[in-house]
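Comments concern the structure below.
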Amino acid sequence: MSAIPASIPLRNDLLGEEPYGAPQLDVPVCLNVNENPYQLEASVVESIAKRVAEIAPTLNRYPDREHLELRQAFSDYLAKESGARLRVEQLWGANGSNEIMLQLFQAFGGPGRTALGCDPTYSMYPEYARDTFTTWKLAHRNEDFTLDVAGTIAAINEYGPSMVLVTSPNNPTGTVLPHEQIEALLDACEHAAVSGAPEGAHPILVVDEAYIEFRDSGTPSAVALVSKHRNLAVSRTMSKAFAFAGARVGYLAADEGIIDAVRIVRMPYHLSAVTQAAALAAFEHTDEQLSTVEHLRQTREQTASWLAQQRYRGANLRVAPSGSNFVLFGTFDNREAIFQELLDRGVLIRVVGPEGWLRVCMGTDEEMARFRKAFTEVLSRTVMAEARCASAR
């Protein structure tokens, strides 16, 4: 419950709101916030400590507000990871992809502007819109969570958004967006008008690739399209596959014009010298940082297969195909009860997404074994409870 007293003049549109965030609970198995569960290698820790020690005496001075060395590191990494070599001017860093997204809303949203998303989607997007006084509209995905391209294009033409946001792999469903669908949206944006903007302005397409490193082999990244489309912005993060959630480093790949727009709204010296040093050290060990990604992909596929074999209310569970490090599964007539039963057994997952669905992110082998054991117990308990109810009738 909020402790904000009525005597404090909170913005009217924030009255009754609660801070965003997944539960942070001290339980043995945390599988709710899509982190990489494996700790950093000793060699990476040593490099981070060395880099931070080198800049520590200079912390009396402000950091490089343009973080040019780090932007070059982003370029080098993307050339290796996605096969696209971008110039420093096409890249930008911030405190996690959350800040990247907020900066995009600050630059392109605002009063009189509209942003369009495709639900189910990341639950923070409407909060970015709220915080920047941007109108938030939705185009609904298909029943199987794939993108309704025609419906989304129709919504672009109807609402005239300044921003269109799509997530690939999608959160919370894990759905991957094919390249041809991204290009179809780009084409629609390049010909659409923006309500509330000067004549000649067209929407930007924001592709959120927070989980892209977990995609299956051969799936291209939208980064490869950045140099071909001036209205494309691709958000990335080091938090997930890169096992760097605690460092808070996100970055944006986009046309130089979009980067310059974001630079207008960024806070002065927004990326600390310590953050920049830690990120540079991590990029020195890219292979080590990404060494667990393939195993987590395998864990995802094994978990999805296992869940699809489990039965609830006389039917096999539904499992959404995922290209991420999590799996969305259901459906349950009381998902909160399933969540609580798992939590009572020391396993924390996430109540998120469409009604009736739950999401579990991939943990270590031991953590996933504990999840399977706990979930089996919960399902067995549900079956026994139903049998008792039936016999009592």
| note | The Cα radius of gyration of the chain, divided by 2.2 N^0.38 Å with N its residue count, comes to 1.03
| message | Which of Ala369, Ala337, Ala42 ends up with the largest GNM mean-square fluctuation for the chain, with Cα atoms connected below 10 Å? | response | Ala42
| query | Which length gain, in nm to one decimal place, applies between Glu355 and Leu25 when the Cα-Cα distance is subtracted from 0.36 nm times their residue separation? | reply | 116.5 nm
| query | Counting Lys and Arg as +1 and Asp and Glu as -1, what is the net charge of the other residues whose Cβ lies under 12 Å from the Cβ of Arg11? | reply | -2
| message | What does the net charge come to around Glu213 if you take all other residues with beta carbon closer than 12 Å to its beta carbon, with K and R at +1 and D and E at -1? | response | +1
| Globularity ratio of the stretch 129-172, using Cα Rg and 2.2 N^0.38 Å | 1.23
| said: What FRET efficiency comes out for Gln39 versus Glu180 if R0 is 45 angstrom and r is the Cβ-Cβ distance? Round to the nearest 0.05. | reply: 0.70
| message | Let's test this: bin the Cα-Cα distances of the stretch 73-128 at 10 Å from zero up to the farthest pair and state each bin's percent. | response | 19, 38, 33, 10, 0
| Separation in nanometres of the label points that stand 7 Å from Cα toward Cβ, at Lys80 and Thr219 | 2.2 nm
| request: Between Glu190 and Glu256, take the C-beta separation as r, use R0 = 25 Å, and let me know the FRET efficiency to the nearest 0.05. | output: 0.90
| query | If you average 1/r over all unlike Cα pairs in the stretch 1-56 and invert the result, what Kirkwood radius do you get in angstrom? | reply | 16.2 Å
| Share of carbon and sulfur in the accessible heavy-atom surface of the stretch 132-201 [1.4 Å probe, %] | 51 percent
| request: Just the number, please: Stokes-Einstein D of the stretch 1-106 in µm²/s, Kirkwood Rh from C-alpha pairs, 20 °C, 1.002 mPa s. | output: 114 µm²/s
| task | Please sort by residue number the trypsin sites (Lys or Arg not before Pro) in the stretch 1-97 whose DSSP state is loop and whose Cβ has at most 14 other Cβ atoms within 10 Å. | result | Arg11, Arg61, Arg65, Arg85, Arg87
| field | Per-residue [θ]222 nm for the chain (sum of -39500 (n - 2.57) over DSSP H runs n ≥ 4, rounded to 500) | value | -12000 deg cm²/dmol
| What shape does the stretch 41-177 have by the C-alpha gyration tensor, where a ≥ b ≥ c are the square roots of the eigenvalues, rounded means a/c under 1.5, and otherwise prolate means a/b greater than b/c and oblate the rest? | prolate
| Which order do Val360, Val45 take by accessible area at a 1.4 Å probe, largest first? | Val45, Val360
| field | the chain: angle of helix 256-265 to the longest principal axis, Cα-based, in degrees nearest 10 | value | 80 degrees
| Just Gln90, Gln289, Gln181 to compare: in a GNM of the chain, with alpha carbon springs under 10 Å, which one fluctuates most? | Gln181
| task | Could you tally the net charge around Gln298, taking each other residue with its Cβ under 13 Å from the Cβ of Gln298, Lys/Arg +1 and Asp/Glu -1? | result | -2
| When the Kirkwood radius is taken over all Cα pairs of the stretch 233-322, what Stokes-Einstein diffusion coefficient follows at 10 °C and 1.306 mPa s, in µm²/s? | 96 µm²/s
| Under 11 Å from the Arg381 label point (7 Å along Cα→beta-carbon), backbone N, the stretch 355-374 | 374
| request: Could you do me a favour and compute the accessible area per residue for the chain, 1.4 Å probe, result in Å²? | output: 46 Å²
| note | In this structure, the FRET efficiency calculated for Gln309 and Leu10 from their beta-carbon separation, with R0 = 35 Å, to the nearest 0.05, is 0.10
| query | Direction-averaged shadow area of the convex hull around the Cα atoms of the stretch 191-269, nm²? | reply | 7.1 nm²
| query | Among Asp119, Asp344, Asp255, which one shows the biggest mean-square fluctuation in a GNM of the chain, springs joining Cα atoms closer than 10 Å? | reply | Asp344
| query | Using a cut-off of 30 Å between alpha-carbon atoms, which lysines can reach Lys80, once sequence neighbours fewer than 8 places away in the same chain are excluded? | reply | Lys50, Lys228, Lys240
| Using only Cα atoms, what is the ratio of the radius of gyration of the stretch 242-393 to 2.2 N^0.38 Å? | 1.42
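The values are calculated or read from the model by the stated rules, or taken from the named source; none is laboratory data. What you are looking at is a predicted structure, and each value in this text was computed from that prediction instead of being measured. When we count neighbours, we look across all protein chains shown, and the Cβ atoms used for this are built from the backbone with ideal geometry, even at glycine. Note: areas computed on protein heavy atoms with side chains; ligands, DNA, RNA excluded. Shrake-Rupley method; radii C 1.70, N 1.55, O 1.52, S 1.80 Å.
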